[in-house]
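Below you'll find the structure, written out as structure tokens, and then a few comments.
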Amino acid sequence: MSTGAVAAPDDVARPRRKRLSDRARAERRLAAMLVAPAAIVMIAVTAYPVVETLILSLQRADLRFPSANKFVGLDNYSAVLKAPVWWQDVGHTLIISVIAVSFQFVLGMLLALAMHRTLVARGLLRSIALVPYGIVAVVSAYSWDYAWGLDSGWIPKLLGLKSDPLSHPFGTYTAIIITEIWKNTPFMALLLLAGLALVSDELHEAAKVDGASAWQRFWRITVPLMKPAILVALLFRTLDEVRIFDVIYIFNQGANGTESISMLNYSTLLDRLNLGLGSAVSVLLFVLVAIIAFIFLKGFGAAAAPGGERA
Amino acid sequence: MPTRQDCVRVRRTIITVAAVLVGALLAGCGSSSSKGPVTLNWYVYPEPSGSFAYAASTCSKDSGGKYNIVMNLLSTSSDQQRVSEVRRLAAGDPSIDILAMDVDWTAEYATAKWIRPWPAALAAQVTRGDLPGPVATATWDGKLYAAPLNSNTEILWYRKDLLADIHQPPPTTWNQMIDDAAELAKMGKPHYIEEQGAQYEGLTVWFNSLVDSDGGGILTKSNQIIVGPSTEVAASIMHRLATSPAADPSLNVTEESQSETAFEHGTAAFQINYPFVWAAAHKDTPAIGKEMGYALFPRVNPSIAPKVSIGGYNLGVSAFSKHPQLAFDAVRCMIQPQFQRRDAIKGGLAPVLGNIYSEPAFIKAYPFSALIKAQLENYGLRPQTPVYADVTLAIQLALSPTSSIDPTSVVSTLRHEIKEALSSEALL
């Protein structure tokens, strides 16, 4: 009931603001009351843990040795940054992210174009395309794990493999990346589809009259106008891939040199119970994510801005 | 447009909803009733045969209304069980009374003061008649911190028909077993040796069993690093197997259940695994079960009897339990011989009481009971240290994948990694 009641008066009330100020104030108070629980919950569940993580990352805090807790400044950060395993894991994560997102982008674009151009059963096709994204991440990871297994899976049988793909680095990376592509391409396609809707048909018609080929129209009209959507899609997917955890965890817990930063974070926090060191890894992962977002917005954002305004 | 009355109604609704929520929360918090038997929460893995549930309900009934044991089931993976338990213990959760603890966790839980040591008189009672290996796993710093419930040890399983083909007796050493496998491979017969080579706890068990069986060790009792020549011997055997025809192509992803499946599918000639595979093979693939033989864990050094790292579970009493005395009583009840016997015959769990091994009913279910008993008497232990989670992770990282082990550098790698693990201040 509140949505209708609060939203409606806005357009009507404005010209008669003075006369209705009492009511407006009451409404604002009501609005504040309605928002307050959500705001308080948000602060409790996001701000508090973030601050707590920052504080923990500056301490020696191992749950197994509570009496040894003390403030250690930036020691945890230097321990992380000096450890070869951190840099290896950053490497593993970036390899997976770059390859997976590239494929997701190309395939997602093709899927989006196909969905955009479809004349029949559009809604049904979009729903079908979204199925992989709708499957619970752990469930899809398990089904792929079985699919890749030498004894249980159809993939090794189909390819006539003699050894288990998940028992060596190349096979494991391939399996992880293909699983990620399968799972997340629909999401990419959906975001790009929203961008495609921004491109008006008239521009295409006009270009066609001027003799532009389909290829030219795609690169000169569709892509530039879609840039904001492309930026958002790539940024979302990249940030997600950089935090990759579930597939690797289910496949083999980071064996064969596929440990990601999130896996490292998990084992430090939950297996080793080292909250200080683990929090430092969390903060550094956050910094990495922030850097990537910054690069995207600086590098892409400037180019995308005019498109964004026009839309 | 909302009228003033609407607003009042909204406000009233909000207040009502809030009151209901707060009321529900308060009710949830103060739920313990003062009458009736005390609820003892037992955090335990889901034992599939229902033997634990039977012990819990029988003991609750027999307590004469003093306590009622409620099972809180954890994951089937021991790593996950530990994670579930320790995060509650670290937060001082008073709703846990009894803990099923993997034999490796004693030092960690005891050092962090998450579990209560058993009073000396009780300790003597609950370990009376127990085999020495299980008791050693439950002891830390000279005190008993948990009551041994069941044990486990890996032995060698082999295919009698295949060994007959090459006219060989069951192998007694690792090198002989790998040679036998190579010979079977040459004849085009099933020849894999099923071991647990995935990067997980099973890899540590394999490695530690080999090191101990060569007379070496990884840590001393006071947690000094040993990691001597025996670690090189052990790593060399693992590497030799991984790069020989005996290696299952899936070795790097193989855990206990994959070993069992591969053996049942008939691709393997040998298997190092726990006794559960015996009943499983007879049930799943009787043709393979019929040809299944068993022998002691192969030797590393021909002149030293094997020392296999034992597994199993002990029962500890949480330091945060509000009813420690009742919890001790309940544990004493649940480890009684009749329950251990039932666990063993119905659930395939090796008992810790030595006498059970000579009972006819047990020998019928466990024709290899003498081997198990021998290995539990001449036992090996994984490193006992409060930072075991770190140490085992360091070992797994240094040895996985087994085909890439460099036997010449592995000792220094292991020494370095384990040193980092013991400090508990470095990233692993």
Nearest 5 percent is fine: what portion of the DSSP beta bridges confined to the protein assembly as shown is antiparallel? 65
Whole-angstrom Cα spans of the protein assembly as shown along principal axes, big to small: 95, 72, 51
Under the 7 Å Cα-to-Cβ spin-label approximation, A:Ala194 and B:Ala53 lie apart by a distance in nanometres of 4.7
Using a simple spin-label model with points 7 Å from Cα along the Cα→Cβ vector, what separation in nm is obtained for A:Val136 and B:Glu377? 4.9
Are there any trypsin sites (Lys or Arg not before Pro) in the stretch B:99-198 that are in a DSSP loop and have at most 12 other Cβ atoms within 10 Å? List them by number. B:Arg128
Within the accessible area of chain A (1.4 Å probe), percent carbon and sulfur: 70
Quick one: of B:Lys160/B:Lys307; B:Lys186/B:Lys364; B:Lys61/B:Lys322, which pairs are farther than 29 Å apart, Cα to Cα? B:Lys186/B:Lys364
Result for interface chain A to chain B, accessible surface buried in total, 1.4 Å probe, Å² to 100, stands at 3200
Top of B:Leu74, B:Leu241, B:Leu376 by mean-square fluctuation, Gaussian network on chain B, Cα under 10 Å: B:Leu74
Sequence neighbours fewer than 8 away in the same chain don't count; with that in mind, list the lysines whose C-alpha is under 24 Å from A:Lys298. A:Lys227
Counting only other chains, what is the mean number of Cβ atoms within 10 angstrom of the Cβ of each residue in peptide A:229-237? 0
Residue-normalised value, i.e. accessible area per residue, for the protein assembly as shown at 1.4 Å probe, in Å², stands at 46
Suppose every K and R has +1 on its Cβ and every D and E has -1 on its Cβ; what is the size of the dipole of chain A about the Cα centre, in Debye to the nearest 20? 1200
Rounded to the nearest 10 Å², the accessible area of A:Glu27 using a 1.4 Å probe with every protein chain kept is 40
In nm, to one decimal, how far is the modelled label at B:Lys35 from the one at A:Trp215, with both set 7 Å along Cα→Cβ? 8.7
Listing of the stretch B:395-428 residues, each with accessible area lower by at least 50 Å² in the full protein assembly than in the chain alone (probe 1.4 Å): B:Ser424, B:Glu425, B:Leu427, B:Leu428
Within a Gaussian network of chain B (alpha carbon springs, distance under 10 Å), most fluctuating of B:Ala365, B:Ala146, B:Ala398: B:Ala365
For the protein assembly as shown, what does the helix formula give at 222 nm: sum of -39500 (n - 2.57) over DSSP H segments with n ≥ 4, over the residue count, nearest 500 deg cm²/dmol? -18000 deg cm²/dmol
Going 7 Å from the Cα of B:Asn175 toward and past its Cβ, which residues in the stretch B:282-316 have a backbone nitrogen under 20 Å from where you end up? B:296-307
Charge tally in the Cβ shell below 12 Å around B:Ala361, where Lys, Arg are +1 and Asp, Glu are -1, B:Ala361 excluded: +3
Note down the net charge around B:Phe297, summing +1 for each Lys or Arg and -1 for each Asp or Glu among other residues with Cβ under 10 Å from its Cβ. +1
Computed over chain B: longest principal axis from alpha-carbon atoms vs helix B:324-334 long axis, angle to nearest 10 degrees, is 40
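The values are calculated or read from the model by the stated rules, or taken from the named source; none is laboratory data. Note that this is a predicted model, so its numbers are computed, not measured. With ideal geometry, Cβ positions are generated from the backbone for all residues, glycine too; neighbour counts draw on all protein chains shown. For the accessible areas, the whole protein counts, side chains as well, though only heavy atoms, and no ligand, DNA or RNA atoms are used. Shrake-Rupley method; radii C 1.70, N 1.55, O 1.52, S 1.80 Å.
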